[in-house]
Amino acid sequence: MAAPQLQLKTGAGKATLQVSGDWLLASLQTFPAFTQTVSADAVLDGAALTALDTSGALKLLQLLQAAGLNPEQPVLANFSAPHAAVLNLVAANFAASSAHPTETRMGWLAHLGRSSCDLFKHIAGIVNFVGALSTEMLDLLRHPAQFRGKEFAAQLEAVFVNAIPLAFAMMFLLGLVFAYLLGIQAQQYGANIFVVDGVALAVGRELAPVIVAILVAGRSGAAMTAEIGSMKANDEVDAISVLGLSPYLVLVLPRVLALLVALPLLVFVGDLAGMLGGMLVAAQQLDIGMATFINRLNQVLDVKTIMLGLIKAPVFALSIGLIACRMGLSVERDARSVGAHTTSTVVQSIVAVIVLNAIFAVAYVQLGY
């Protein structure tokens with residue numbers, strides 16, 4: 001491979017730049033450092049040029065620009081047709097390839113406008129998704145045989161059965177910690193028995209529904225988004241549509257219905273686990289035996305308290321299922337989008353659970369519960 005050379009030749013009052021050697025990407029490190037300045041009418045002679053690619057042509061034009069010539073309109077002489085074509089192609093795009101993008105900083109008003117547009121698009125997407133899903137549910141009521149029973153059973157196993165140990169363990173530990181901290185304060189006033197009241201009301205009305213819903217959002221909601229998103233990225237969702245089936249009927253409805261069934265049951269499991277954790281601390285720290293704990297529980301914990309917590313569960317489940325499935329169907333055809341939408345599902349679901357729980361709290365107070 002001949003080393004690339006660029007030499008200035010003058011004669012008869014005319015300057016000529018002679019190009020020789022192989023001007024290729026492989027010879028990038030051996031390109032000459034041409035520092036001379038030439039007249040604007042200098043001619044580029046390529047008679048001795050043996051090889052040229054786009055990288056070499058770009059380097060040659062950059063040297064011409066440093067020498068004071070116009071790199072976009074070089075005067076060529078003795079170039080072969082292929083070499084001239086490559087050089088002219090690079091010269092035609094020289095300005096675009098040399099341009100550096102300028103960083104534009106948006107003001108607070110521009111940021112506010114963009115955020116408002118994104119929020120509007122997000123709300124419009126949710127409304128469109130809920131409308132399409134409602135249409136599919138009405139169609140399913142007219143044709144019940146289209147219901148995907150096996151998919152529903154599989155999703156119920158994944159969302160409910162496989163989540164029982166985790167929900168039980170989490171609520172057991174939370175009930176244990178809550179009873180322990182409450183017991184420290186109650187012992188100072190000799191009100192040990194009221195720990196049972198605090199644990200029962202807190203776990204049944206607030207802790208179990210919210211914590212279990214957040215657990216389901218992080219576990220099942222993220223899994224649903226990742227699963228549907230991967231199918232979307234691999235064109236499996238389009239394949240379902242090509243087969244004449246509805247992605248909402250095949251993918252969305254079984255998952256949403258499984259969440260609607262599973263979350264109230266998991267909340268009930270969480271209630272039992274939280275009570276059991278509080279009972280353990282009461283027996284070890286506060287000298288409240290199991291029989292005493294259960295008797296006090298019968299006095300202070302009525303069915304209404306448990307139902308107030310269980311009523312929240314289907315609402316939480318519906319919000320988590322809609323967010324998870326919509327974000328999965330909104331995934332673009334790349335792996336990065338799957339991860340971004342999965343993360344967004346967890347964040348949106350947790351925020352939705354907290355906001356809905358606040359709304360329930362205000363509504364319960366207004367209704368006198």
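The values are calculated or read from the model by the stated rules, or taken from the named source; none is laboratory data. Being a predicted model, the structure only gives us computed values, none of them experimental. As a convention, Cβ positions derive from the backbone with ideal geometry for all residues, glycine included, and neighbour counts pool all protein chains shown. Just so you know, the surface numbers come from the protein's heavy atoms only, side chains and all, with ligands and any DNA or RNA stripped out. Shrake-Rupley method; radii C 1.70, N 1.55, O 1.52, S 1.80 Å.
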Checklist entry - For the range 225-244, does any single residue satisfy the condition of being closer than 23 Å to K312 by Cβ and in contact with an Asp or Glu (Cβ under 9 Å, 6 or more places away or on another chain)? => result no
Next on the checklist: Here is a check on your reading of the model: is D334 within 20 Å of T225 (Cβ to Cβ) and charged (D, E, K, R)?
Outcome noted: yes
Checklist entry - Here is a list of conditions, (1) in contact (Cβ under 8 Å) with a residue 24 or more places away in the chain; (2) within 25 Å of L166 (Cα to Cα); (3) open to solvent by 70 Å² or more (accessible area, probe 1.4 Å); (4) more than 25 Å from the chain's Cα centre (by Cα), and D287 meets all of them except one; can you say which number that is? => result (2)
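Determine, yes or no, whether V86 is closer than 22 Å to T10 by Cβ, of a type in the set (V, I, T) and open to solvent by less than 70 Å² (accessible area, probe 1.4 Å).
Answer is no for this residue.
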Next on the checklist: For the range 114-134, which positions are more than 17 Å from the chain's Cα centre (by Cα) and not aliphatic (A, V, I, L, M)?
Outcome noted: R114, S115, S116, C117, F120, N128, F129, G131, S134
Item to check | Index of the failed condition, I320 passing every other in (1) open to solvent by 30 Å² or more (accessible area, probe 1.4 Å); (2) assigned to a helix (DSSP H, G or I) | outcome: (1)
Checklist outcome for this item: Picking from R326, R336, the residue that is exposed (fewer than 13 other Cβ atoms within 10 Å of the Cβ) and either in contact with a helix residue (DSSP H, G or I) (Cβ under 7 Å, 6 or more places away or on another chain) or assigned to a helix (DSSP H, G or I) (or both) would be R336
Checklist entry - Is one or more of the residues making up the range 53-60 farther than 24 Å from P4 by Cα and either among the hydroxyl-bearing types (S, T, Y) or touching a Cys at 6+ places or on another chain (Cβ under 9 Å) (or both)? => result no
Checklist entry - Within the range 66-80, is even one residue in contact (Cβ under 8 Å) with a residue 24 or more places away in the chain and within 46 Å of the chain's Cα centre (by Cα)? => result no
Checklist entry - Restricting to the range 31-57, what's the tally of residues that are open to solvent by 80 Å² or more (accessible area, probe 1.4 Å) and modelled with pLDDT under 80? => result 6
Next on the checklist: touching a residue at least 40 places away in the same chain (Cβ under 8 Å) and of a type outside the set (A, V, I, L, M, F, W, C): is that true of R219 in this structure?
Outcome noted: yes
